[in-house]
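The values are calculated or read from the model by the stated rules, or taken from the named source; none is laboratory data. Just so it is clear, the structure is predicted and the values come from calculations on it, not from any experiment. Because the Cβ atoms are built from the backbone with ideal geometry, glycine has one as well, and the counts that use them run over all protein chains shown. Accessible surface areas use protein heavy atoms only, side chains included; no ligands, DNA or RNA. Shrake-Rupley method; radii C 1.70, N 1.55, O 1.52, S 1.80 Å.
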Amino acid sequence: MEEKKVVSLKIDRHEITVPEGTTILEAARLLGIDIPTLCHVDIKGTCIRNTPASCRVCVVEIEGRKNLAPACSTRCTEGMVVLTSTLRVMNARKIVTELILSDHPNECLTCPKSGDCELQNLALRFNIREMPFNGGELSSRKREVTASIVRNMDKCIFCRRCETVCNEVQTVGALGAIRRGFNTTIAPAFDKMMAESECTYCGQCVAVCPVGALTERDHTNRLLEDLTDPDKVVIVQTAPAVRAALGEEFGMKPGTLVTGKMVTALREMGFDYVFDTDFAADLTIMEEGSEILQRLENHLHGDKSAKLPILTSCCPAWVNFFEHYFPDMLDIPSTARSPQQMFGSVAKHYWAKKMGIPKEKLVVVSIMPCLAKKYECDRDEFKDGKVPDVDYSLSTRELARIIKRFNISLENMADSDFDKPLGESTGAGVIFGTTGGVMEAALRSVYEIYTGKPLARIDFQEVRGFEGIREAEIDLDGFKLKVGIAHGLGNARRLLNDIRSGKNHYHVIEIMACPGGCVGGGGQPIHHGNSEILKARAEALYREDRNKVLRKAHENPFIIKLYEDYLGKPLSEKAHQLLHTHYFNKQND
Amino acid sequence: MAEIKLACNIASQVEEICDRHHNKPGELINILHEAQSLQGYLPEAMQRIIARKLDIPVSKVYGVVTFYTFFTMTPKGKYPISVCMGTACYVRGGEKLLEELKRRLGIEVGQTTPDGKFSLDCLRCVGACGLAPVVMIGEKVYGRLQAADIKGILENLISAE
């Protein structure tokens, strides 16, 4: 085997040997030298990588070179001598940042990104105490408020992270740089609004934006008003991935589970009932799992209308994606609604009646790791007349903000349990929040229902992991079920293209729009490019699943009761009416 | 701006141009160059066809179109007027010619008169510096001009119709 070439160099006072192709930035980080960056983002283990070297914040001196070089895109060479903190370098970094600030609104006090802004951090780090370049006139670029995302392009610093994520990672192509010079802006084609573009609202652009140019639509004030209105009954559902990340906003280690503390905090805030989206995730498995079995059996019996593969449908950004780009394939995803919408439907149509709560007094709020969920609440098919099944959705970040406004310190909360019956869930519902989780949850039930035998091993390790596209073959008592898993819309596109061209060989496919699944959602605490955080969150969900007594959706006693009392059986007429949906062709031209 | 539908023959010509360049994304600028020569501009519908053929986001195509001043989304006039702003023409009064054209036509640089007859642009050097200042109308070069000549030139074009 050919040996991989290495190069030796000196960075500041340290000698280091690295594989050929390593950048100065990477080598320096190995030595613990933290060269500042701004436009650069490289999330290891995912395909999110943006190195346009456009901001020049990471410049270093290289002996023998006249000009300073960007560390993020300059490769190490043999014998190189790099200096990362000379006076010349420090001055250059400071001036570069001052120049960026010259065209940046001084709105830190009221900016939603304040405290989590990479530009603000640099200004602090470089000791910028005045603005020497106040000359340039601020251009008035577009502002837009969509159902999910707020765009304020005056704050944009043109790092192109959002463009890279939208085009190369997600292959959505909604955002791109247009015009040039002072007139440059990042916008959809023909300078249209995001709401008119192919945007799926996955929110990954928001997740990587270093400043406040792209943020979420904020519903915290609306929630505050509802919670303090004595006439309203306000109930909440929390998505699985939230409990594995919320703690980070309160200084806890990534991967800390705060389920019980979160439930107590929500009660302290004044929610009348604290329920769990995981309950609805179990319900999703009942409906989606039954649909998988039905389509599989019909297909095996030669029914040509029973198309395979069947694709999961719980991710609203993914639903938007195939409605925009694969309108010829609207009949292959499962018709099951997402857990958020199943919860809303059950709460408003079944639970409210049972409790004698008038519909107009009931407010259903969801806490989601996701920004597309905000848009999903707004979809007409999830409304009864004008009344939405889920009134509105807050992101994990918004929940953290509002908890702080209620003077609650999450870390000091005692643990408590969700309310019954819509708060009871199995381990299957918990793992929905990570890539491969929905598939594993479905397999646990599909296996037992199809074979009639109990599972010897509940963990399906073969579907876990972080690879962009994974596949596995599951033995259902002789029948080999082929499953595929993709996270990130670019990977989803690859799988769909294979299906379109007839190259596909899977029976069931799980797709999540965000890299890592919901743990890496656009509404989660900002991870600043650290993929270890995503892995820690996923691990936390598997830990919660392991600690549950019940780990299969079909064993949830409250789900069983819901079918007995109200829905009949999975895929019944009632179930179709309340728990299933249909899709639309949204192609633009 | 209302979306302009392309005539079928134009649409198929755009597709042919893309095919001739093997639908390679790297050929985008050459393709846009040829596509613009069909009608003198690049309407939205044309950019959407190119994006589809090259399998790239339409935002990318639009980004390139808006980056280079050569590309335009405004239809050119029957008589496209370009005023040279190269060094020689500029120092010999190119700017005065431009001001006079703007005043007479009632449009700014990059615009077209409402009747579709004239459009106004600037360019840099046509290689006729000896004739400075120079204005091009269509393929014809008018040299050694003064602002007072503009009126006559425009009137001649209209009366020749």
**OP:** Can you confirm whether the stretch A:336-357 contains a residue that is surrounded by fewer than 18 Cβ atoms within 10 Å (Cβ to Cβ) and in contact with a strand residue (DSSP E or B) (Cβ under 7 Å, 6 or more places away or on another chain)?
**Re:** no
**OP:** Mind counting the residues in the stretch A:319-335 that are open to solvent by less than 10 Å² (accessible area, probe 1.4 Å), part of a loop (DSSP other than H, G, I, E, B) and polar (S, T, N, Q)?
**Re:** 1
Subject >> Hits in the stretch B:42-66 (condition: in contact with a strand residue (DSSP E or B) (Cβ under 9 Å, 6 or more places away or on another chain) and farther than 21 Å from A:V165 by Cα) >> reply: B:V65, B:T66
Original post:
Looking at this structure, is A:V390 in a helix (DSSP H, G or I) and within 24 Å of A:P570 (Cβ to Cβ)?
Top reply: no
Original post:
A:R217 passes all but one of (1) within 30 Å of B:M46 (Cβ to Cβ); (2) open to solvent by 10 Å² or more (accessible area, probe 1.4 Å); (3) of a type in the set (D, E, K, R); which number fails?
Top reply: (1)
Subject >> Set A:G251, A:G247: member being out of contact with any helix residue (DSSP H, G or I) (no Cβ under 6 Å at 6 or more places or on another chain), at negative phi and away from chain B (no Cβ under 14 Å) >> reply: A:G247
Subject >> Whichever residue in the stretch A:165-179 is open to solvent by 10 Å² or more (accessible area, probe 1.4 Å) and part of a loop (DSSP other than H, G, I, E, B) and, among such residues, is farthest from the other protein chains (Cβ to nearest Cβ) >> reply: A:T171
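Conditions tested, residue by residue: (1) within 18 Å of A:A513 (Cβ to Cβ); (2) in a helix (DSSP H, G or I); (3) of a type in the set (D, E, K, R); (4) touching a helix residue (DSSP H, G or I) at 6+ places or on another chain (Cβ under 9 Å).
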residue	(1), (2), (3), (4)
A:F279	no, yes, no, yes
A:E287	no, yes, yes, yes
A:L293	no, yes, no, yes
A:K307	no, no, yes, yes
A:C314	yes, no, no, yes
A:A317	yes, yes, no, yes
A:G344	no, yes, no, yes
A:H349	no, yes, no, yes
A:V364	no, no, no, yes
**OP:** Confirm whether B:R52 is closer than 26 Å to B:Q13 by Cα, open to solvent by 10 Å² or more (accessible area, probe 1.4 Å) and either away from chain A (no Cβ under 14 Å) or basic (K, R) (or both).
**Re:** yes
Original post:
Are any of the residues in the stretch A:91-105 open to solvent by 60 Å² or more (accessible area, probe 1.4 Å), assigned to a loop (DSSP other than H, G, I, E, B), of a type in the set (A, V, I, L, M) and more than 26 Å from A:E398 (Cα to Cα)?
Top reply: no
**OP:** Among residues belonging to the stretch B:65-85 that are in a helix (DSSP H, G or I) and buried (at least 18 other Cβ atoms within 10 Å of the Cβ), point out the one that is farthest from the other protein chains (Cβ to nearest Cβ).
**Re:** B:V65
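Tell me, please, whether a residue that is within 8 Å of chain B (Cβ to nearest Cβ) and modelled with pLDDT under 90 can be found in the stretch A:136-154.
The answer is no, given that none of the residues of the stretch A:136-154 is within 8 Å of chain B (Cβ to nearest Cβ) and modelled with pLDDT under 90.
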Original post:
In the stretch B:137-158, what count of residues is obtained for those that are surrounded by fewer than 12 Cβ atoms within 10 Å (Cβ to Cβ) and in a strand (DSSP E or B)?
Top reply: 1
Subject >> Residue match in the stretch A:67-84 (condition: among the basic types (K, R), more than 33 Å from the chain's Cα centre (by Cα) and surrounded by fewer than 18 Cβ atoms within 10 Å (Cβ to Cβ)) >> reply: no
**OP:** Please note which helices (runs of 4 or more DSSP H) are completely contained in the stretch A:480-589 and include at least 2 residues that are over 17 Å from A:M342 (Cα atoms) and open to solvent by 10 Å² or more (accessible area, probe 1.4 Å).
**Re:** A:489-500, A:531-546
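Can you pull out the residues in the stretch A:14-53 that are among the hydrophobic types (A, V, I, L, M, F, W, C), open to solvent by 60 Å² or more (accessible area, probe 1.4 Å) and either in contact with a Lys or Arg (Cβ under 6 Å, 6 or more places away or on another chain) or within 25 Å of A:C514 (Cα to Cα) (or both)? It would help to see each step written out before you state the result.
Of all residues in the stretch A:14-53, those among the hydrophobic types (A, V, I, L, M, F, W, C) come to A:16, A:18, A:24-25, A:27-28, A:30-31, A:33, A:35, A:38-39, A:41, A:43, A:47-48, A:53.
Retained after the next criterion (residues that are open to solvent by 60 Å² or more (accessible area, probe 1.4 Å)): A:30, A:47.
Hit for the stretch A:14-53 is A:C47, nothing else.
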Original post:
If you check B:V65, B:V91, B:V58, which single one turns out to be of a type in the set (A, V, I, L, M, F, W, C) and in contact with a Gly (Cβ under 8 Å, 6 or more places away or on another chain)?
Top reply: B:V58
Subject >> Among the residues listed as B:V58, B:V109, B:V134, the single one being closer than 22 Å to A:T185 by Cα and buried (at least 21 other Cβ atoms within 10 Å of the Cβ) >> reply: B:V58
Original post:
So, in the stretch A:55-66, of the ones that are touching a strand residue (DSSP E or B) at 6+ places or on another chain (Cβ under 9 Å) and surrounded by fewer than 17 Cβ atoms within 10 Å (Cβ to Cβ), which residue ends up nearest to A:E118 (Cα to Cα)?
Top reply: A:E63
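Listed here are the residues, each with its yes/no results for (1) crowded, with 18+ Cβ neighbours inside 10 Å; (2) within 14 Å of chain B (Cβ to nearest Cβ).
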{"site": "A:R160", "(1), (2)": "yes, yes"}
{"site": "A:F182", "(1), (2)": "no, yes"}
{"site": "A:A187", "(1), (2)": "yes, yes"}
{"site": "A:A195", "(1), (2)": "no, no"}
{"site": "A:E198", "(1), (2)": "yes, yes"}
{"site": "A:Q204", "(1), (2)": "yes, no"}
{"site": "A:L223", "(1), (2)": "yes, no"}
{"site": "A:V233", "(1), (2)": "no, no"}
Subject >> Selection count where residues are open to solvent by 10 Å² or more (accessible area, probe 1.4 Å) and either at pLDDT below 95 or among the aliphatic types (A, V, I, L, M) (or both), scope the stretch A:281-291 >> reply: 1
Original post:
Looking at this structure, is A:K66 touching a residue at least 40 places away in the same chain (Cβ under 8 Å), in a loop (DSSP other than H, G, I, E, B), farther than 19 Å from A:C209 by Cβ and of a type in the set (D, E, K, R)?
Top reply: no
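Tell me, please, whether a residue that is within 14 Å of another protein chain (Cβ to nearest Cβ), surrounded by 15 or more Cβ atoms within 10 Å (Cβ to Cβ) and either closer than 24 Å to A:A174 by Cα or among the acidic types (D, E) (or both) can be found in the stretch B:2-10.
The answer is yes; a qualifying residue exists.
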**OP:** For the stretch A:358-399, enumerate the residues that are surrounded by fewer than 20 Cβ atoms within 10 Å (Cβ to Cβ) and either outside the structural domain of A:V234 (by TED's automatic domain parsing) or small (G, A, S) (or both).
**Re:** A:G385
**OP:** Output the residue which, of all residues in the stretch B:14-29 that are assigned to a helix (DSSP H, G or I) and either farther than 20 Å from A:G176 by Cα or at pLDDT below 95 (or both), is farthest from the other protein chains (Cβ to nearest Cβ).
**Re:** B:R20
